[in-house]
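To keep things clear, I will list the structure first and then write my remarks on it.
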Amino acid sequence: MDLVQKEHERLSKRLKANQGIKNVQSTIDLLQSARDAIAADPSQASITLAKLQNPVKSSFDTINDSLKETHSGLNKYSKSLDKLFKDRPLPSTEHDVLSSHENLINRAIAMHLLREGQFSVASTFLNEMTEKKTGLPEPRPESSSPENAATLLNPEEVPSNEVRKQFATMYYILHELQENSNLLPAIQWSRDNKEILQARGSNLEFELCRLQFVWLFHGGQIPQTPVASGRQAALEYARREFHVFLPRYLREVQQLMGAMAFCPNLQDSPYQNIFNNPSAWADVAQSFTREFCSLLGLSADSPLYIAATAGAIALPTLLKLQTIMKAKRTEWTSQNELPVEIPLPPSYLFHSIFVCPVSKEQTTDENPPMMMPCGHVIAEESLKRLCKGSRFKCPYCPSESHPREARKVFL
């Protein structure tokens, strides 16, 4: 990796793209001025062209030298990448459990495109998929009646028109929030779905309004509102909006109001983290995305993105496993689980699992985890093999117990 880093730094230093663009532009300017001079006085054409020859040649030579240097740097960088990431065959797809579920793969792709705001691409993909199955183009109704979210998101079907509209709304709100610092569409959406969000214990509406207060405090201004800005606009906004949050967020509102007194020296005040949080907009965008998707019965992150990332993390381990299996002439016998454990980031652990420390197998509903009086947990089948119907010693401590004293553990 050091070699790649070294070549990358060298390439960054040697690249002179800006200078090359300037040289090209200067050549264009020379040619343009020469054309204008000849158009103004055709009798001086030969003299103008003679004067133009050396500057243009010099400019072309400089551009070519720059391109050669860049090309040489790119070649060295490509070679260092090839040495580090050698071309190796991917693991066998013999145990691909999704190969017989093409509809689920198509749905995951379509939903990912919709989540990313690639609506035209998603539409083309779905149309081509429909044509492939039926031989007829997908009908395009002008309007579709709203449907229940549970029926819209049947995992066996492609996203409906209503789901596409929902994601178009989400993308519009996120675009306004992230690109235009406009929180109003997100705030309005949170109020339209206030009852559902409150039932979930969501803080989204207050987070949005608090960020709006901070934005106004720093000089932001809402279109079509009085000219007041800064602290005065923030104070007026708080008087107009925050009274509904007092029963639940009294302390947070008090902090926002208390910060007004520290305005001249906010950087060194106790409220610095609230008013100078560089990740505030990204955090509230993530919260909005999570709540919006939850109301549709979806995860906050694209399943396709998660699966692809988890697969990339697992790939080196699987390649190494394949090499070992080939050398030892063994076969991959497990069907519903990987033969080795793949360490994934905590955010990618969606379901609690327990691997029996005795049998090294994952527990299931038929073979649940059982906790003995000493507190150690093993699988039920391992417990039966150890006890044989009578008292037995825990495999991890000196304690003895009877199998009827073990309790089933729910994860």
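Rounded to the nearest whole Hz, the Karplus-based 3J(HN,Hα) values (6.51 cos²θ - 1.76 cosθ + 1.60, θ = phi - 60°) of the range 267-273 follow the sequence 4, 9, 8, x, 9, 4, 5, with x at glycine and proline. Over all projection directions, the Cα-based convex hull of the range 163-296 averages an area of 8.4 nm².
Rounded to whole numbers, the Karplus 3J(HN,Hα) couplings from phi for the range 392-404 are 8, 9, 4, x, 10, 7, x, 5, 10, 7, 9, x, 5 Hz, using 6.51 cos²θ - 1.76 cosθ + 1.60 with θ = phi - 60°, and x at Gly and Pro.
Working from label points 7 Å from Cα in the Cα-to-Cβ sense, the E116 to K326 distance is 3.1 nm.
Full extension from K132 to K68: what is 0.36 nm times the residue separation minus their Cα-Cα distance, to one decimal in nm? Intermediate results must be reported in sequence, preceding the final value.
Details: separation 64, 0.36 × 64 = 23.04 nm, distance 4.76 nm.
18.3 nm is the gain from fully extending K132 to K68.
Once backbone amide H atoms are built at 1.01 Å from N, A379 has V358, S359, M370 as its partners under 5 Å, excluding neighbours fewer than 5 places away on the same chain. Solvent-accessible surface of the range 1-84, averaged per residue with a 1.4 angstrom probe and all protein chains in place: 75 square angstrom. Distance distribution P(r), the range 270-368, all Cα-Cα pairs, bin width 10 angstrom from 0: 11, 27, 29, 18, 11, 4, 0 percent. Kindly state, to the nearest 0.05, the FRET efficiency for C397 paired with V340, given R0 = 25 Å and r defined as their beta-carbon distance. With R0 = 25 Å, the Cβ-Cβ based efficiency is 0.35.
Taken one residue at a time, the phi angles of the range 58-70 give Karplus couplings (6.51, -1.76, 1.60, θ = phi - 60°) of 4, 5, 4, 4, 5, 5, 5, 4, 5, 5, 4, 5, 5 Hz. Gly and Pro are set to x. A 1.4 Å probe run over the range 276-369, with the rest of the protein chains in place, finds 67 Å² accessible per residue.
Would you check the range 1-84 for Lys pairs whose C-alpha atoms are within less than 15 Å, ignoring same-chain pairs closer than 8 in sequence, and give me the count?
Lysine pairs satisfying the spacing and distance rule in the range 1-84 number 7.
Pairwise Cα separations in the range 355-408 fall into 10 Å bins from 0 onward with the following percentages, short to long: 28, 62, 10. For K393, a cut-off of 17 angstrom between C-alpha atoms picks up these lysines, skipping any fewer than 8 places away in its own chain: K384. Extension gain for N180 to E195 (0.36 nm times residue separation, less C-alpha to C-alpha distance): 2.6 nm.
Maximal additional length on extending the A50-L250 stretch stands at 63.9 nm, based on 0.36 nm per residue less the C-alpha distance. Projecting the Cα atoms of A34, L74, A45 onto the charge dipole of the range 1-84 (Cβ charges, centred on the Cα centre) puts L74 farthest toward the positive pole.
The values are calculated or read from the model by the stated rules, or taken from the named source; none is laboratory data. Here the structure is a predicted model, which is why all the values come from computation and not from measurement. Using ideal geometry, Cβ is built from the backbone for each residue, glycine included, and neighbour counts are taken over all protein chains shown. Note: areas computed on protein heavy atoms with side chains; ligands, DNA, RNA excluded. Shrake-Rupley method; radii C 1.70, N 1.55, O 1.52, S 1.80 Å.
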